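The values are calculated or read from the model by the stated rules, or taken from the named source; none is laboratory data. As the structure is a prediction and not an experimental result, all values here were calculated from the model. Here the Cβ positions follow ideal geometry from the backbone for every residue, glycine too, while neighbour counts run over all protein chains shown. These accessible areas exclude ligands, DNA and RNA; they are computed on the full protein's heavy atoms, side chains included. Shrake-Rupley method; radii C 1.70, N 1.55, O 1.52, S 1.80 Å.
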Amino acid sequence: MAKQFPHITGAHRDFIARQHIFFTASAAEGTRVNLSPKPANAFRVLGESAVAYIDQTGSGNETAAHLLADGRLTIMFCAFEGAPSILRLYGRGRVLQRGGDDYSRMLSEAFGGEEPTGARQIVLLDVDLVQTSCGYGVPLFDYRDDRRNLDRWAAAKGEEGLEAYRREKNARSMDGLPTGLLSGETVPG
């Protein structure tokens, strides 16, 4: 039932645009696998083989550490309403650190210069495989609204508080790998 594609098609773009949530999965040798939900309004299809999302400050920064160490990233969308379907994007990712020229350029070009409160970095994925599958096992859910908790938390912290939090909680992964947040290291593109 799974079908594979070498790039993102128009039908894939349409499916992605209808979703409200996506999931990222990453790991590096000797680490735990990280799986995180993300709001789909932070996601952009940049072309047939490239996507990006704005990553907000959170309790950890596992994806950045895994991309720095290994580079592999999978992004998954599931249809929780309408026809059942799952779409996975496989490839190699890298992080654009907030405050850098590449980050500013991508924020302007792909996100209209709109930076959500608490934005930490932009994650880019160079897609080398797209896979769709039936999604028959995905339950139906009704979307009501986005949660505003993270935005409120980040606004209450303020920029200085967020920087301190990132230094304390986001500089290393739970397995001790550097995330590149403090050193500005990136995975070579």
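Side notes on the structure shown:
- Cβ-Cβ under 7 Å pairs, at least 6 apart or on other chains, segment 104-133 side open to solvent by 60 Å² or more (accessible area, probe 1.4 Å), far side aliphatic (A, V, I, L, M) and part of a strand (DSSP E or B): Asp126/Ala50
- Filtered residues of segment 25-40 (kept if in contact (Cβ under 8 Å) with a residue 12 or more places away in the chain and surrounded by fewer than 14 Cβ atoms within 10 Å (Cβ to Cβ)): Glu29, Gly30, Arg32, Pro37
- Of all residue pairs spaced 6 or more apart or on separate chains, those with beta-carbon atoms under 8 Å, a first member in segment 164-179 that is under 10 Å from Asn61 (Cβ atoms) and open to solvent by 90 Å² or more (accessible area, probe 1.4 Å) and a second member that is at pLDDT 95 or above and of a type in the set (Asp, Glu) are Met174/Glu62.
- Failed criterion for Asp142 (all others in (1) open to solvent by 40 Å² or more (accessible area, probe 1.4 Å); (2) touching an Asp or Glu at 6+ places or on another chain (Cβ under 9 Å); (3) under 16 Å from Arg13 (Cα atoms) hold): (3)
- Conditions (1) part of a loop (DSSP other than H, G, I, E, B); (2) over 18 Å from the mean Cα position of the chain (by Cα): number failed by Ala156: (1)
- Some residue of segment 77-97 being more than 30 Å from Ala2 (Cα to Cα), more than 14 Å from the chain's Cα centre (by Cα) and open to solvent by 10 Å² or more (accessible area, probe 1.4 Å): no
- Selection count, segment 6-24, where residues are open to solvent by 30 Å² or more (accessible area, probe 1.4 Å), within 20 Å of Tyr53 (Cβ to Cβ) and of a type in the set (A, V, I, L, M, F, W, C): 3
- When residues in segment 93-118 are screened for being in contact with a Leu (Cβ under 8 Å, 6 or more places away or on another chain) and among the hydrophobic types (A, V, I, L, M, F, W, C), 4 of them pass.
- No other residue among Arg152, Arg147, Arg166, Arg120 is within 26 Å of Gly47 (Cα to Cα) and among the basic types (Lys, Arg) apart from Arg120.
- Residues that are modelled with pLDDT of 95 or more and acidic (Asp, Glu) number at least 1 in the following strands (runs of 3 or more DSSP E) confined to segment 1-78: 50-56.
- Close pairs from segment 71-96: first aromatic (Phe, Trp, Tyr), partner crowded, with 17+ Cβ neighbours inside 10 Å and in a strand (DSSP E or B), Cβ under 6 Å, at least 6 apart: Phe77/Phe22; Phe77/Leu87; Tyr90/Thr74
- Hits in segment 152-189 (condition: under 30 Å from Arg18 (Cβ atoms) and modelled with pLDDT under 95): Gly189
- Here Arg147 passes the criteria (1) open to solvent by 10 Å² or more (accessible area, probe 1.4 Å); (2) in contact (Cβ under 8 Å) with a residue 60 or more places away in the chain except the one numbered (2).
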